[in-house]
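Here's the structure, in structure tokens; my notes come after.
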Amino acid sequence: MTLQFTGNQRFLTKRTIALLSIGPIYTLSAHFTNEWHHLFYKSTALDFSQGFPLIVLDRGPLFYLHIVYVYSYYLIGIGLLIHLYLKSNRERKKQVALMIIGSLFVFGFPFIHSIGAIKVPIDISPFGLVFSSLFYLWGIYRFNLLKLSPLAMKKVFESIKDAVIIFDIDNNLKIYNKSAIKLFGYLPNKKLIGNSAAEVLSHFPPLVQFIERTSEINHLTTQSMQLRATYYNVHFSFVNGSNNKPIGKMFILHDITESIKYEESLLQQSKQYEYLAHHDVLTGLYNRTYFEEVVKQKLAQSPKKDAALMICDL
């Protein structure tokens with residue numbers, strides 16, 4: 001769950017799941033075969049001194065190995081959540097903080113019981129699950145805890161084949177996708193975040209001019225331009241905030257090089273067909289078709305008179 005919530009589900013391979021299964025299998029095996037080796041619990045006994053039967057367990061080395069295994073994964077999970085918290089926006093941080101606090105109940109109560117910090121005759125671990133469940137239910141209804149749309153949006157954003165670059169309203173770079181990295185090459189440098197479009201895209205003057213010109217317009221627009229040896233349709237639109245006011249600018253660069261080349265090829269073929277239609281293949285001289293078309297044009301342009309004279313050079 002933590003891997004999916006933090007966007008690290010790529011690690012959920014069959015091999016990883018198999019490795020993660022080793023711990024639970026070992027724990028169950030050691031627990032159910034304890035009567036043979038007494039390594040999980042050295043001894044078990046019933047205590048009636050409190051007025052009702054309580055089981056007294058003398059923990060063995062395999063039990064403490066199990067504790068180390070469980071809390072190692074717990075610390076890894078907490079680390080992933082803290083990392084997500086640090087790089088999330090304000091709204092997302094609320095959800096991540098709830099996940100972190102809720103997990104403290106789940107693992108905190110068993111840990112307190114394991115080290116004997118609170119001297120009570122019963123296992124308080126189930127109470128941790130109760131408090132955690134109540135906390136998560138409150139988070140689901142109060143902060144939409146299970147809303148995973150930010151992760152989904154991130155995946156969609158990264159999978160877009162067109163280059164997408166987003167600037168704030170003052171033309172400072174905010175975010176871009178993987179296709180933009182392939183196009184511009186140097187964008188992986190995180191130091192560029194927050195720099196102006198003129199600084200980030202200094203090698204692409206036409207694009208910089210278009211971005212700066214959008215400050216004067218208030219509608220969607222598209223412009224075709226050539227960047228190096230590639231042609232693009234650059235689509236511009238505003239990014240609106242919760243109050244429906246522009247808070248940023250989004251530019252989508254769609255590669256139209258193949259379309260341009262196809263149009264140029266059609267134009268070249270059209271010129272070639274036109275040449276063949278008006279010239280003799282062997283001599284390269286104008287043919288009869290061209291002659292007839294020129295005659296029709298000249299007759300249409302000449303003034304109407306009773307007599308006509310035409311001189312042709314053969």
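Computed values, structure above
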| read-out | value |
| --- | --- |
| Listed pairs K87/K174; K154/K174; K87/K154; K93/K249; K14/K93 exceeding 19 Å between Cα atoms | K93/K249; K14/K93 |
| Most mobile listed residue (I193, I118, I211) in the chain, GNM with C-alpha springs under 10 Å | I118 |
| Gyration tensor (Cα) of region 2-146, equivalent ellipsoid semi-axes in angstrom | 33, 22, 11 |
| Among Y273, Y232, Y262, residue whose mean-square fluctuation peaks in a GNM of the chain (springs only between Cα atoms under 10 Å) | Y273 |
| Mean Cβ count within 10 Å, highest first, over the residues of peptides 54-61, 94-101 | 94-101, 54-61 |
| Calculated over region 160-255: convex hull of Cα atoms, volume per residue (Å³) | 95 |
| GNM result for the chain, Cα springs below 10 Å: residue of S103, S265, S49 fluctuating most strongly | S49 |
| Crossing angle, helix 125-143 versus the chain [Cα axis fit, 0-90 degrees, rounded to tens] | 30 |
| Label-point gap, in nm, between S88 and A198 - each point 7 angstrom along Cα→Cβ | 3.8 |
| Karplus-derived HN-Hα couplings along region 93-105 (A = 6.51, B = -1.76, C = 1.60, θ = phi - 60°), whole Hz, x at Gly and Pro | 4, 4, 5, 5, 4, 5, 4, 5, 5, x, 5, 5, 5 |
| Correct choice for Rg and Dmax of the Cα atoms in Å that was computed from the model, options (i) 37.1, 139; (ii) 20.2, 65; (iii) 18.6, 58 | (i) |
| Per-residue [θ]222 nm for the chain (sum of -39500 (n - 2.57) over DSSP H runs n ≥ 4, rounded to 500) | -17000 deg cm²/dmol |
| Residue among I252, F204, F32 farthest towards the positive dipole end of the chain, charges placed on Cβ | F32 |
| Over the chain, relative contact order from alpha-carbon pairs under 8 Å, at least 6 apart, % | 9 |
| Long-range HN-HN contacts of L227 with modeled amide H, under 5 Å | Y232 |
| Under the Karplus curve 6.51 cos²θ - 1.76 cosθ + 1.60, θ = phi - 60°, whole-Hz ³J(HN,Hα) for region 25-41, x wherever Gly or Pro sits | 5, 5, 5, 4, 5, 5, 5, 7, 9, 4, 5, 8, 10, 6, 9, 8, 10 |
| Cβ-defined net charge surrounding I55, 13 Å radius [Lys, Arg +1; Asp, Glu -1] | -2 |
| Three-way shape label, region 260-301, alpha-carbon gyration tensor, a/c 1.5 | oblate |
| Equivalent ellipsoid dimensions for region 50-132 as semi-axes, Å, which come from the Cα gyration tensor, largest first | 32, 16, 7 |
| Simple Cβ-charge dipole of region 2-146, Lys/Arg +1 and Asp/Glu -1, about Cα centre, in debye nearest 20 | 860 |
| Tilt relative to the chain, helix 149-159 - C-alpha long axis, 0 to 90 degrees, to 10 | 40 |
| Dipole magnitude of region 160-255 about its Cα centre (Cβ charges: Lys, Arg +1; Asp, Glu -1), debye to nearest 20 | 320 |
| Dipole moment magnitude, nearest 20 debye, the chain about Cα centre, only Lys, Arg, Asp, Glu C-beta charged | 720 |
| Angle in degrees between helix 61-87 and the longest Cα principal axis of the chain, rounded to the nearest 10 | 40 |
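Read-outs throughout are calculated quantities, based only on the coordinates presented, and are distinct from any laboratory measurement. Computed from a prediction, not measured in an experiment: that's the story for all the values here. We place every Cβ from the backbone using ideal geometry, glycine too, and count neighbours over all the protein chains shown.
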